[in-house]
Amino acid sequence: MRLLIQKFGGTSVQTKENRKHVIKQIKRALEKDYKLVVVVSALGRNPDPYATDTLLQMVDYPTKTQNSKRELDMLMSCGETIASVVLSNELQHHHISATALTGAQAGLITNDEYNEAKIKKVKPDRIKHELKNHDVVVVAGFQGRTESGDITTIGRGGSDTTAAAFGASLRAECIEIFTDVKGIMTADPRVVDSARPIDVVTYTETCNLAYQGAKVIHPRAVEIAMQAEIPLRIRSTYSNEIGTLITSSRGKEIGIDIPDRLVTSIAHIDDISQLSIKVNETDLRAQATIFQTMADASISVDFINISPTSVIYTVPSEVTTRAIALLEEKGFSIEVTENCAKVSAVGAGMTGIPGVAAKIANALVKNNVQILQSADSHTTIWVLIYEKHLKTAVNALHDVFELNKLTEIEKT
Ligand code: ASP
Ligand code: MG
């Protein structure tokens, strides 16, 4: 049996009109003799009646902090449950043999960290059984159950992760993530006019891009698919184009194994503040105290740069005031630079190649963009800049790495 996982996001299933495109995609796969597990998100976005945020509003979340997390999960799970039934019914009306399962029925077992539950195991026996009698099993994304049977959800945007988890455990041929964009882009098309979809990227590149602000897929889903070595595909619900293939080695599927581009895509995140704290060289504990203070307040820190005399790092804008207050309480004096943005150049092809950082620095300097801080790994170079330079910076890097042009692999 050839098995495919298809995941459709909230906007893809939002209206009957949109769902016609979903059904078209499902029919296309059935014509190729696949059986399908279709994972769905809740219908639409707030203020659509059954969207996740709309359901949360019914209990005044997040204003009322005394809400029980366990019950929030019962409420939020309704969105995906409704979506699975609606789509399954419409498929049946199109004479497609389909059935719907909740995450719990489908066998997604999690721990009991309500709202952010971690998948412990997947027991897909029921899905396997239903696939004997049906061509399509529609599974409610984002939700699971604890060992003892309580409903859980696995973190916002978690339907991608559901799709990957079932793809891995059922050893599907591919996990297709359908969305409203054509695939992973060389940069955010709202920032760079010549940004274009990429045909093949590696799991690692995609993970980096997803963590660095490219909102196209949940990074956890990529990690699960990578571990199981199941290819992922990100593609548009509304088009026949095959989108972006995510796999272990760029180009392997089409017979070429040598990455021919240093940088694959430019991602960015804005609304960041840089904190710079002077510490006394003789006070070794100060450095640890600073990070412990942040950790105790669940403030996530990034771009960490420690020297004997200073500690520099970034935090999201919305927690800046809180972070400063906590540090001042401990007697530190802090210099703050607000309205910063982080730009990331991601590419598996830069590993071991000298001169990439120089190319980035030159391109930015030439465009009068000041670099406030930088960091690098073997597949990513990050720079912190002023937010007012964001568009210039992203365009400069997109240009210098010629990301608007097709690569040799893509031309073949
Ligand atoms: N509906 C959930 C959310 O809005 C899960 C998802 O869409 O993936 O976060
Ligand atoms: Mg999503």
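Go through the stretch 111-137 residue by residue and tally those that are in contact with a Lys or Arg (Cβ under 7 Å, 6 or more places away or on another chain) and either not in a loop (DSSP other than H, G, I, E, B) or not aromatic (F, W, Y) (or both). It would help to see each step written out before you state the result.
Keep residues of the stretch 111-137 that are in contact with a Lys or Arg (Cβ under 7 Å, 6 or more places away or on another chain), which gives 111, 114-115, 131, 135.
Now narrow it down to the ones that are either not in a loop (DSSP other than H, G, I, E, B) or not aromatic (F, W, Y) (or both): 111, 115, 131, 135.
Final tally of qualifying residues: 4.
Filtering the stretch 270-308 to residues that are surrounded by 14 or more Cβ atoms within 10 Å (Cβ to Cβ), among the β-branched types (V, I, T) and over 27 Å from I385 (Cβ atoms) leaves only T289. Failed condition for A140, given (1) under 29 Å from S249 (Cα atoms); (2) of a type in the set (G, A, S); (3) surrounded by 19 or more Cβ atoms within 10 Å (Cβ to Cβ), with all others met? Exception for A140: condition (1).
Pull up the stretch 32-82, narrow it to residues that are part of a loop (DSSP other than H, G, I, E, B) and open to solvent by less than 10 Å² (accessible area, probe 1.4 Å), then point me to the one that is farthest from I177 (Cα to Cα).
Initially, the stretch 32-82 is screened for residues part of a loop (DSSP other than H, G, I, E, B), giving 32-33, 41-51, 58-68.
Then drop every residue that is not open to solvent by less than 10 Å² (accessible area, probe 1.4 Å), which leaves 42, 44, 51.
Values: A42: 15, G44: 16, A51: 19 Å.
My answer is A51.
When you scan the stretch 129-137, do you find a residue that is within 21 Å of the chain's Cα centre (by Cα), buried (at least 22 other Cβ atoms within 10 Å of the Cβ) and more than 13 Å from ligand 1 (Cβ to nearest atom), even just one? Among the residues of the stretch 129-137, not one is within 21 Å of the chain's Cα centre (by Cα), buried (at least 22 other Cβ atoms within 10 Å of the Cβ) and more than 13 Å from ligand 1 (Cβ to nearest atom), which makes the answer no. For G10, indicate whether it is within 16 Å of ligand 2 (Cβ to nearest atom) and at negative phi. Against the criterion (within 16 Å of ligand 2 (Cβ to nearest atom) and at negative phi), G10 qualifies. Going through (1) over 25 Å from the mean Cα position of the chain (by Cα); (2) in contact (Cβ under 8 Å) with a residue 24 or more places away in the chain; (3) within 21 Å of I272 (Cβ to Cβ) one by one, K366 falls short only on (3).
Residues in the stretch 382-409 that are open to solvent by 40 Å² or more (accessible area, probe 1.4 Å), assigned to a loop (DSSP other than H, G, I, E, B) and of a type outside the set (K, R): E402, N404, L406. Selection of first residues in the stretch 68-97 that are away from ligand 2 (no atom under 16 Å from the Cβ) and of second residues that are among the polar types (S, T, N, Q) and open to solvent by 60 Å² or more (accessible area, probe 1.4 Å), restricted to Cβ pairs under 8 Å at least 6 apart or on distinct chains, gives the following pairs, ordered by first then second residue: S97/N133. Picking from residues in the stretch 138-151 that are more than 13 Å from ligand 1 (Cβ to nearest atom) and in a strand (DSSP E or B), the one that is farthest from T81 (Cα to Cα) is R145.
Only one of A168, A214, A225, A210 is open to solvent by less than 50 Å² (accessible area, probe 1.4 Å), more than 21 Å from N404 (Cβ to Cβ), of a type outside the set (S, T, Y) and modelled with pLDDT under 95; which?
Working: A168 fails: modelled with pLDDT under 95; A214 fails: more than 21 Å from N404 (Cβ to Cβ); A225 fails: modelled with pLDDT under 95.
Checking each option against the conditions leaves just A210.
The values are calculated or read from the model by the stated rules, or taken from the named source; none is laboratory data. All of these numbers come straight from a predicted model, not from anything done at the bench. Positions of Cβ are generated from backbone atoms using ideal geometry, with glycine treated the same way; all protein chains shown enter the neighbour counts. Ligands, DNA and RNA are excluded from the accessible area calculation, which covers all protein heavy atoms including side chains. Shrake-Rupley method; radii C 1.70, N 1.55, O 1.52, S 1.80 Å.
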